[in-house]
1. Which one of 82, 94 is over 20 Å from residue 165 (Cα atoms) and touching a strand residue (DSSP E or B) at 6+ places or on another chain (Cβ under 9 Å)?
2. Of the numbered conditions (1) at pLDDT 85 or above; (2) closer than 21 Å to residue 20 by Cα; (3) more than 15 Å from the chain's Cα centre (by Cα), residue 193 fails exactly one; give the number of that condition.
3. Do we find that residue 172 is part of a helix (DSSP H, G or I), buried (at least 16 other Cβ atoms within 10 Å of the Cβ) and at pLDDT 95 or above in this structure?
4. Tell me, which residue of region 106-119 that is under 16 Å from residue 68 (Cβ atoms) and surrounded by 23 or more Cβ atoms within 10 Å (Cβ to Cβ) is nearest to the chain's Cα centre (by Cα)?
5. Would you check which residues across region 4-31 are without any contact (Cβ under 8 Å) to a residue 40 or more places away in the chain, touching a strand residue (DSSP E or B) at 6+ places or on another chain (Cβ under 7 Å) and not in a helix (DSSP H, G or I) and list them?
6. Could you look through region 51-76, keep only residues that are over 29 Å from residue 196 (Cα atoms) and touching a residue at least 12 places away in the same chain (Cβ under 8 Å), and pick out the one that is surrounded by the fewest Cβ atoms within 10 Å (Cβ to Cβ)?
7. Out of (1) at pLDDT below 95; (2) in a helix (DSSP H, G or I), what's the single condition that is false for residue 160?
8. Answer yes if at least one residue in region 125-141 is buried (at least 21 other Cβ atoms within 10 Å of the Cβ), assigned to a helix (DSSP H, G or I) and either in contact with a helix residue (DSSP H, G or I) (Cβ under 7 Å, 6 or more places away or on another chain) or modelled with pLDDT under 95 (or both), and no otherwise.
C-alpha cells in the first residue's frame, strides 16, 4: 500500500524539494499551492495539486475534502512553517504588510493545522511533521520575530496538548541554508521511522558549518 502524504504551507523551494523526494519514493502526494511558479517540474500521476488560499478557513477545509475524495485520505501530513522576512523597523512597516505577514505566517498555518488534526482525530491515527523554514538568528526584525516566536510557541503547545492522543506531532528545524540537504534529512527521518514518536525536535546541523567552526576554534 502506497504512503499517502499531505504537504501544506506557504510555497517555497524547500517545500518543492520535499514534494519531489516523496514522489521519487513512489508515494501518493497531495500538495497545496498558492503560486504556480513553485510547483514541482513533474508530470507524475502520483501528485494531487490543490489550490490554497491561506487567508481562508474554508480553503483549508477543502484541502482535506479533496484528499479524501481524490486520494482516499492520508496518513502523513507535513506543514511548512515560515515567517515574513520583512526587515524594516516597526515604525516603517505599513498596515498592509502587517496584515499580509499575519495571514501568511500565522493564520494560514493555523487554519490548515486545525483541519489536519481534526481529520486525524476522526480517523484515530496520523503523523504530523511541522517543518520550520525559519531563520534561526537570535535577534530578528520585529515582524519576523512575531512570526517566528508565534510558530515556535505553537509547536511547543501542540506537543503538550496532544501528547496523550492517537496522533503524533514532531518538528524539524535547520541551522543551514542548504535546502536540498535539509529536505533529504526530513525525508529520511520520516520514511525510516521505525516506531511512533511524539514531541521530538529533529534538528538538521550542516556539517560544513560545524567543520568551519571547529577549525576556527583550533586556530584561535
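The values are calculated or read from the model by the stated rules, or taken from the named source; none is laboratory data. Since the model is a prediction, treat every value here as computed from it, not as a measurement. Neighbour counts are summed over all protein chains in view; Cβ atoms, including those assigned to glycine, are modelled from backbone coordinates with ideal geometry.
1. Working: 94 fails: touching a strand residue (DSSP E or B) at 6+ places or on another chain (Cβ under 9 Å).
Being over 20 Å from residue 165 (Cα atoms) and touching a strand residue (DSSP E or B) at 6+ places or on another chain (Cβ under 9 Å) holds for just one of 82, 94, which is 82.
2. (1)
3. Working: part of a helix (DSSP H, G or I): no; buried (at least 16 other Cβ atoms within 10 Å of the Cβ): yes; at pLDDT 95 or above: yes.
Judged against the criteria, residue 172 is not a match.
4. My answer is 112.
5. 11, 27, 29, 31 - these are the residues of region 4-31 that are without any contact (Cβ under 8 Å) to a residue 40 or more places away in the chain, touching a strand residue (DSSP E or B) at 6+ places or on another chain (Cβ under 7 Å) and not in a helix (DSSP H, G or I).
6. We begin by selecting, within region 51-76, every residue over 29 Å from residue 196 (Cα atoms); these are 51-59.
Those left that are additionally touching a residue at least 12 places away in the same chain (Cβ under 8 Å): 51-57, 59.
Working: 51: 12, 52: 23, 53: 15, 54: 21, 55: 15, 56: 14, 57: 15, 59: 19.
Among them, the one singled out is 51.
7. Result: residue 160 passes all but (1).
8. No, the conditions are met nowhere in region 125-141.
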